[in-house]
1. For the stretch 57-101, how many residues meet the condition of being more than 17 Å from Gly36 (Cβ to Cβ), modelled with pLDDT of 80 or more and part of a helix (DSSP H, G or I)?
2. Just give me the residues in the stretch 141-164 being among the hydrophobic types (A, V, I, L, M, F, W, C) and either at pLDDT 95 or above or in contact with an Asp or Glu (Cβ under 9 Å, 6 or more places away or on another chain) (or both), in sequence order.
3. Filter the stretch 102-129 down to residues that are among the hydrophobic types (A, V, I, L, M, F, W, C) and at pLDDT 90 or above and give me whichever is nearest to Gly197 (Cα to Cα).
4. I'd like to check something: does the stretch 90-113 contain any residue that is touching a strand residue (DSSP E or B) at 6+ places or on another chain (Cβ under 8 Å) and either surrounded by fewer than 18 Cβ atoms within 10 Å (Cβ to Cβ) or under 14 Å from Ile189 (Cβ atoms) (or both)?
5. Six or more apart or on different chains, Cβ atoms under 7 Å: show the pairs whose first residue is in the stretch 165-188 and closer than 21 Å to Ser118 by Cα and whose second is β-branched (Val, Ile, Thr) and assigned to a helix (DSSP H, G or I).
6. Of all residues being aromatic (Phe, Trp, Tyr) and either under 19 Å from Gly136 (Cα atoms) or in contact with a strand residue (DSSP E or B) (Cβ under 7 Å, 6 or more places away or on another chain) (or both) in the stretch 147-201, which is surrounded by the fewest Cβ atoms within 10 Å (Cβ to Cβ)? Just the residue, please.
7. Do any residues in the stretch 97-117 that are more than 15 Å from Lys139 (Cβ to Cβ) have Cβ atoms under 6 Å from those of residues that are modelled with pLDDT of 95 or more and part of a loop (DSSP other than H, G, I, E, B), where the two are at least six apart or on different chains, and which pairs are they?
8. Which helices (runs of 4 or more DSSP H) does the stretch 106-201 wholly contain that include 1 or more residues that are basic (Lys, Arg)?
Amino acid sequence: MSSSLFALAALVWLAFSILVGMPPWAIVVLVAAVAGGTWGINRIANRAGSPGRRQAALLASSFAAVVSVFGLIQLVPYGKSHSNPPVLAEPAWATPETRELMVRACFGCHSNEVVYPSYADIAPISWMVASHVSEGRSKVNYSEFDPGRRAFKGTVAAIRSGWMPPGYYTRFGRHPEARLTDAEIATLIEGLRATPGLSRG
């Protein structure tokens, strides 16, 4: 019974991790920790004797395992350093509103002006934030604009198609500023088309 409950908890955590965009390696680490914890907890509970004692041992060891894993993952240094490199070059934005909308919708991962939330120091959330920023900057960084790079020319297509911002970025009420209205999206696309280097034509 306890194994099936822990398996269900692991599946729920896995689904949640995917929905919020947890990096794949972090999902593997956390699922392995849950699996290892489940095995250890079952061994402890099975040695406890009577059903009542087994239940108490299961609850106590489960709580201890959760606290231990949470404490241990705080020691992982990845995601603890929140640095913003200098802004080297930005597009010649068509209007101030175009830039303001881009800041709201895209600069959280695609710039050197990332504003890190207070929870970005707590693992495993810190892993997710660091992964998103690193991946976003490597693909397109509007603080290191290069009009010759093809990736920048896909900006309008990515926003118009709904790929950006990705669903996990605003899911569960996170980053409400990035949820642009249809009118704001239309204004943004119009401004991006008038900004050199950000559309294919």
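1. 6
2. Phe145, Phe152, listed by residue number.
3. Applying the filter and picking the extreme gives Met102.
4. Within the stretch 90-113, not a single residue is touching a strand residue (DSSP E or B) at 6+ places or on another chain (Cβ under 8 Å) and either surrounded by fewer than 18 Cβ atoms within 10 Å (Cβ to Cβ) or under 14 Å from Ile189 (Cβ atoms) (or both).
5. As it stands, the answer is Ala178/Thr170; Arg179/Thr170, since those pairs meet every condition given.
6. Filtering the stretch 147-201 down to residues aromatic (Phe, Trp, Tyr) leaves 152, 163, 168-169, 172.
Adding the requirement that they be either under 19 Å from Gly136 (Cα atoms) or in contact with a strand residue (DSSP E or B) (Cβ under 7 Å, 6 or more places away or on another chain) (or both) leaves 152, 163, 168-169.
Working: Phe152: 19, Trp163: 11, Tyr168: 16, Tyr169: 19.
Step by step, filter the stretch 147-201, then rank; the result is Trp163.
7. Partner pairs satisfying both residue conditions: Arg99/Trp93; Glu113/Phe107.
8. Passing ranges, in order: 125-139, 150-153, 155-161, 182-193.
The values are calculated or read from the model by the stated rules, or taken from the named source; none is laboratory data. Every value quoted in this text rests on a predicted model; they were computed, and no experiment measured them. Cβ coordinates were reconstructed from backbone atoms using ideal geometry, including for glycine residues, and neighbour counts include every protein chain displayed.
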